[in-house]
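The values are calculated or read from the model by the stated rules, or taken from the named source; none is laboratory data. These figures come from a predicted structure and were not determined experimentally. Virtual Cβ from ideal backbone geometry, glycine too; neighbours counted across all protein chains shown.
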Amino acid sequence: MTQADIAHLIETHRDELVQCWVQTVRADQSIQSDADLSEGGLIDHVPVLLDEVCAILRAGEQPGIYNMHEARVHAYTRFRQGYRARDLVREVALLRLLLINHINSALTAELAGVALQEYFAVMHSLNLYLDEELRYAVAIFTEGIGALPQPALV
Amino acid sequence: MISQGDFDKFVTSYNTDYYYLLTRAASGSYDCLISSFRVLNDLYEVVIKLHDATHLDFKVVPYPLTFRASDAFLAGLGFNTNQIANIYGFLEHVKRTQGQEFEQCIETTEPLKCAVAGFPHDTS
């Protein structure tokens, strides 16, 4: 099983994963910023973000400036929605755990012959992608204060 | 070395251009718009790279370049439902006329086909 196969594992369960993530975020008492968001507002960019993760895995690329557009859109939208930075970190952490658990479960259930090297390459890319999103988020949450007078998005 | 003030102006300029291009898409004026977005993508990458590799801060936050499934973001910029539909229509227009998704088109170095009125331009 290759990185592309693992991308397929995510893609084919994308909507289910997003729904599960929404429920997990809603249930997390430490996250408060989601309270005023509709389901659509909360889901926002996450499906497209997962598509981008899958595209990176399929291409065997490293996440970086040129292939992380959707991660930046997600961080930016949360910034504009008036999200607390720590809530964004938490929701990204929940997404990370969900994806890791999904990949582990799927690989275990299918008894798939996945090479350890491929598995670690996926984990490496996935973690780097989400960490780079958070790095970008830290920049816009902390450096851009007061830079955008527009009303918060809902 | 670029100063913070110059960087802020650079990002502001990028944001202004970006908003202008979105306004064109929102009005359904798609002609050769993808070429402009490709140029803007180059600017955007410079902004991100400068921020990434230097001491410069995002005092002015750049708009994210891609806008697929970004209703909240687009509404926040002041676009109404019809205009947002037109903006998404531009993504379909690019796919139809260029044979590639918008995100691929702005990254590739392949020549773009100038498309007028929703169809690939006939060069014959």
- Could you tell me whether the range A:105-114 includes any residue that is surrounded by 14 or more Cβ atoms within 10 Å (Cβ to Cβ) and assigned to a helix (DSSP H, G or I)? yes
- Message: I'd like the full set of residues that are polar (S, T, N, Q) and outside any helix (DSSP H, G or I), limited to the range B:1-31.
- Response: B:3, B:27, B:29
- Message: Can you pull out every residue in the range A:27-46 that is within 16 Å of residue A:75 (Cβ to Cβ) and in a helix (DSSP H, G or I)?
- Response: A:33, A:34, A:41, A:42, A:43, A:46
- Message: Can you go through A:58, A:78 and tell me which one is assigned to a helix (DSSP H, G or I), more than 9 Å from chain B (Cβ to nearest Cβ) and under 27 Å from residue B:74 (Cβ atoms)?
- Response: A:78
- Query: Across the range A:115-129, which residue is surrounded by the fewest Cβ atoms within 10 Å (Cβ to Cβ) among those that are free of Cβ contacts under 8 Å to residues at least 40 places away in the same chain and under 18 Å from residue A:52 (Cβ atoms)?
  - Reply: A:124
- Task: Under 9 Å between Cβ atoms, at least 6 apart or on separate chains: pull out the pairs that start in the range B:60-73 with a residue that is facing chain A (nearest Cβ under 7 Å) and end on any residue that is among the basic types (Lys, Arg).
- Result: B:60/B:9; B:61/A:80; B:64/A:72; B:65/A:72; B:66/A:72; B:72/A:80; B:73/A:80
- Note on the structure: Going through the range A:9-51 in order, the residues found to be within 14 Å of chain B (Cβ to nearest Cβ) and either acidic (Asp, Glu) or touching a strand residue (DSSP E or B) at 6+ places or on another chain (Cβ under 6 Å) (or both) are A:15, A:34, A:36, A:39, A:44, A:51
- Scope the range B:26-59; condition away from chain A (no Cβ under 13 Å), surrounded by 20 or more Cβ atoms within 10 Å (Cβ to Cβ) and at pLDDT below 95; matching residues: B:30, B:34
- Task: Please state which one of A:96, A:72 is farther than 30 Å from residue A:115 by Cβ, under 14 Å from the mean Cα position of the chain (by Cα) and basic (Lys, Arg).
- Result: A:72
